[in-house]
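Note sheet for the following structure.
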Amino acid sequence: MNPLRLVVQPQHCIGCRACELACAFTHGAEGQPGASRCRTLTVGKDEYVPVLCLQCDHAACVQSCPTGAISQDPVTKIVHVDQEVCVRCMACTVACPFGNMHFDPNGQFVHKCDLCAGHGDYPRCAMFCPTRCLSVERMEPVS
Amino acid sequence: MEQTGPSTFYMTINGRRVQASAGEYVLDVTRRNGIHVPTLCHHPAVEPFGSCRLCMVEVTKEAWKGWKGLMTACLYPAADGLVIETDSESVHRVRRNVLDLLLARCPDSGVIQKLAAEYGVTRTTFTPRENPDLCILCGLCTRVCETAATAAITTAMRGHERVVGTPWGGPPPDCIGCLACAHVCPTGHITFEEHGLTRSIWGREFELERCADCGKPLPITRDQAAFLCRRQEMDPSYFSRCADCQRKMVAERMGRMARWQTLGLAQEPAERGKEVAR
């Protein structure tokens, strides 16, 4: 099966932040909501843009990691952080050119959008988006 | 999803038949199968070292005719037909001894106290060290520094004088202030301070990198940014802006693209795009 891809169409965003809530509740622990991996920014008057990890090939976070804790899955093309290997040097949070590597100051770990891998394997933000600003596609195989 | 090949085989852990492959250590196999083995000096980012001696397990094979050995799980290679016990009486006895010694070395460490209490050791039978600190000399910090940074710290001296330290005890010249050592330290012996734009660790002060747009301090030091550019072969521009400013930049750009999309233009006109969008 081709890898999933999250499609963001900011022209449909109404700034309801359902995606942020869906993300926080999906990635919470011990009954508490976690920090959202999705951030909806207000750019102009009534213009909102949800900013999420783009799951880059040759990603800056992967390249900057001195311990090789961040890697892209060869099948699903999702960039994962291995929390066990991470030494919290914070290089990736600065290196990401899109600002999508977050640091949780309470739990002391870095986290990023992994398209809800291990949480249903289908992006929860897209499920809860009322306007299809966030939607999911299967990627076409690159010829 | 079991795959068997020439490099995969089966071994027995606590009476359970588990799969393992060549090149793995016993600890990797127990971790993968959810069998708890306590460790202090283990970190998947670095090679196993076997200095804390807590991951001792009982190893035997049917062909060994009843002979059993106590081995460190982190350093013992997985092999076909191994029979491992992780919670037998002899394993617990040796772990109690280790924790007894660790408690004599670091009586104030909460981590050691908690771990020792789990094995029924509430107070050490040895004479506790005078003026104790929290260092158990596991060497994890030095190994992580070697792997992820510049090998700025190392163990110094021999015997009971052995310490984790910097060259000649002074501020380490090679340190980049990445705090990896402080974050991996199992007992929290290595401490650092951060005030505004300065971070101090190992008796040396580091200046934090600043965001080129908003001027806020970034969570990495100047030396660290230079090191990452050199070692990971990255452009210095990757380490010049904070995540907030970068997100704002992306959002503005995507918002502009979305505006053109609503106007029915597939792509923003390359030359005039910026002026018109403003």
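Scan region A:40-59 for residues that are without any contact (Cβ under 8 Å) to a residue 40 or more places away in the chain and in contact with a strand residue (DSSP E or B) (Cβ under 6 Å, 6 or more places away or on another chain) and the total you get is 6. Taking the stated definitions as given, is A:ALA29 within 30 Å of B:VAL46 (Cα to Cα) and of a type in the set (A, V, I, L, M)? When the stated conditions are applied, A:ALA29 passes them.
Among residues of region B:210-227 that are surrounded by fewer than 20 Cβ atoms within 10 Å (Cβ to Cβ), those with a beta-carbon under 6 Å from a residue that is assigned to a helix (DSSP H, G or I) at least six positions away or on a different chain give the pairs B:CYS211/B:CYS245; B:ASP213/B:CYS245; B:CYS214/B:CYS245. Any chance region A:111-129 includes a residue that's of a type outside the set (Phe, Trp, Tyr) and closer than 28 Å to B:ARG199 by Cβ? For region A:111-129, residues of a type outside the set (Phe, Trp, Tyr) and closer than 28 Å to B:ARG199 by Cβ: present. Are any residues in region B:173-204 touching a residue at least 24 places away in the same chain (Cβ under 8 Å) and either farther than 30 Å from B:GLN113 by Cα or more than 14 Å from chain A (Cβ to nearest Cβ) (or both), and if so, which ones? Once the filter is applied, which keeps residues that are touching a residue at least 24 places away in the same chain (Cβ under 8 Å) and either farther than 30 Å from B:GLN113 by Cα or more than 14 Å from chain A (Cβ to nearest Cβ) (or both), region B:173-204 yields B:ASP174, B:CYS175, B:ILE176, B:THR187, B:HIS189, B:TRP202, B:GLY203, B:ARG204. Taking strands (runs of 3 or more DSSP E) as the structural unit, those lying wholly within region B:34-96 and holding at least 2 residues that are closer than 29 Å to B:CYS145 by Cβ correspond to B:56-61, B:69-72. Return the only residue of B:THR122, B:THR127, B:THR142 being surrounded by 14 or more Cβ atoms within 10 Å (Cβ to Cβ) and among the polar types (S, T, N, Q). Of B:THR122, B:THR127, B:THR142, the one residue that is surrounded by 14 or more Cβ atoms within 10 Å (Cβ to Cβ) and among the polar types (S, T, N, Q) is B:THR142.
Restricting the search to region A:76-87, which residues are facing chain B (nearest Cβ under 10 Å) and either buried (at least 20 other Cβ atoms within 10 Å of the Cβ) or β-branched (Val, Ile, Thr) (or both)? Within region A:76-87, A:VAL85, A:CYS86, A:VAL87 meet the criteria. Set side by side, the residues B:LEU99, B:LEU54, B:LEU75, B:LEU115 differ, and just one is in contact (Cβ under 8 Å) with a residue 24 or more places away in the chain, surrounded by fewer than 17 Cβ atoms within 10 Å (Cβ to Cβ) and within 17 Å of B:LEU40 (Cα to Cα), which is B:LEU75.
Filter region A:1-24 for residues that are under 14 Å from the mean Cα position of the chain (by Cα) and under 22 Å from A:SER71 (Cα atoms); which is farthest from the other protein chains (Cβ to nearest Cβ)?
A:LEU4
Scanning region B:78-96 for residues that are touching a residue at least 12 places away in the same chain (Cβ under 8 Å) and either crowded, with 18+ Cβ neighbours inside 10 Å or charged (D, E, K, R) (or both) yields B:ALA78, B:ASP80, B:LEU82, B:ILE84, B:GLU85, B:THR86, B:ASP87, B:VAL91, B:ARG95, B:ARG96. Among the small types (Gly, Ala, Ser), more than 14 Å from every other protein chain (Cβ to nearest Cβ), over 24 Å from B:ARG31 (Cβ atoms) and surrounded by fewer than 17 Cβ atoms within 10 Å (Cβ to Cβ) - does that describe any residue in region A:105-127? Yes, the conditions are met somewhere in region A:105-127. Checking A:THR76 against (1) in contact with a Cys (Cβ under 9 Å, 6 or more places away or on another chain); (2) farther than 24 Å from B:ASP213 by Cα, which single condition isn't satisfied? Exception for A:THR76: condition (1).
When B:CYS211 is tested against (1) over 28 Å from A:VAL85 (Cβ atoms); (2) touching a Cys at 6+ places or on another chain (Cβ under 8 Å), just one condition goes unmet, and that condition is (1). Exactly one residue out of A:THR67, A:THR26 is surrounded by fewer than 23 Cβ atoms within 10 Å (Cβ to Cβ) and in contact (Cβ under 8 Å) with a residue 60 or more places away in the chain, and it is A:THR26. When the helices (runs of 4 or more DSSP H) confined to region A:25-143 are screened for residues that are under 16 Å from the mean Cα position of the chain (by Cα) and farther than 20 Å from B:MET254 by Cα, those reaching at least 3 such residues are found at A:91-95, A:124-128. What's the number of the only condition in (1) surrounded by 16 or more Cβ atoms within 10 Å (Cβ to Cβ); (2) facing another protein chain (nearest Cβ under 8 Å) that A:CYS53 fails to meet? A:CYS53 satisfies all of (1) surrounded by 16 or more Cβ atoms within 10 Å (Cβ to Cβ); (2) facing another protein chain (nearest Cβ under 8 Å) except (2). If you go through region B:223-233 one residue at a time, do you hit one that is out of contact with any strand residue (DSSP E or B) (no Cβ under 6 Å at 6 or more places or on another chain), within 27 Å of A:VAL87 (Cα to Cα), among the aromatic types (Phe, Trp, Tyr) and more than 7 Å from chain A (Cβ to nearest Cβ)? Taking every residue of region B:223-233 in turn, at least one turns out to be out of contact with any strand residue (DSSP E or B) (no Cβ under 6 Å at 6 or more places or on another chain), within 27 Å of A:VAL87 (Cα to Cα), among the aromatic types (Phe, Trp, Tyr) and more than 7 Å from chain A (Cβ to nearest Cβ).
Read the figures in this text as sums done on the coordinates, not as results from a lab. Nothing here was measured: the structure is a model prediction, and the numbers come from that model. Neighbour counts run over all protein chains shown; Cβ positions are idealised from the backbone, glycine included.
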